[in-house]
Amino acid sequence: MSQRGRGAGRADAQVVMRGASGWWISGALAALFVFMLADAGIRAEWSTILLAAPWMAALLILCWALLIRPCLVVSPEGLTIVNVLRTHTLPWGEITGLQVRYQLIVTRMHGATVRAWGSPTVHPRRDQETDGSPLPAGRRFVGVVEAIEQAREELGPPEHPRTESATTFAWTPVLAFCIAVALGILSANLLG
C-alpha cells in the first residue's frame, strides 16, 4: 500500500500510497503478452507480431495510466494526488477535510474538492501479526485517511512550508497511447 522514499535530505522525505492490484493486473497482462509474442516468434509469424505488438503496448499503457500511475504522495509540505491525467499538489494548510466514499475526497479551503483515483482501498484492522505478536504502531491504521495522518505525523513538520497549490496535466501517457494506436492502425493497413 505504501512505500517510504527518503532521500539524502529531509526535503525528499515522502510516503507513496497506491493500491497493489494495479501491479498484479498489469504484470499478469504483460506476462500474457510476452507469452503470446514469444509463441508467435517461435512459429515465425512475424506479421502477427507486427499486428499485435502495438495494440498490446496500447493496452499496457492504458493499464499503467489507470492502475499504476494514480497514487497519493504524502510529504511534510503537503499531499500530492496523482490521478490518471492530472496531478494536484496541495499544501497541508489548504486541505480542510479528508473523507472516503468510493475514493478519497480532499476538501480544499475554498470549498472545491479533489478526488483521488489512486487512493488505496481500506485495509481491515488486525490486532496481531500472523505469528501472534502485536502490530507495530505504523500498521494500526484502518483506512487511507488514517494512513495519511500517520505518515504526516511520522514525517514531521516541513522545513520550508509550501503555500501554493498546483495542478499539472500529464501529456506523456496520452502521447504514448496515441503513438501505440497510430502504429497499430499503420501496421494493420500495411499488413492487412
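Every number here is computed from the coordinates shown, using simple stated rules; none is lab data. All values derive from a computational prediction rather than experimental measurement. Using ideal geometry, Cβ is built from the backbone for each residue, glycine included, and neighbour counts are taken over all protein chains shown.
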How high is the FRET efficiency between residue 45 and residue 85 when r is their beta carbon distance and R₀ equals 35 Å, given to the nearest 0.05?
-> 0.45
Note down the nm distance, to one decimal, between modelled labels 7 Å out along Cα→Cβ at residue 154 and at residue 24.
-> 2.2 nm
Paramagnetic reach from residue 107 in segment 55-95 [backbone N under 15 Å; point 7 Å along Cα→Cβ] = 94-95
For the pair residue 167 and residue 186, how long in nm is the line joining their label points, each one 7 Å along Cα→Cβ?
-> 3.5 nm
Report the local net charge at residue 118: Lys and Arg +1, Asp and Glu -1, summed over other residues whose C-beta lies under 11 Å from its C-beta.
-> +3
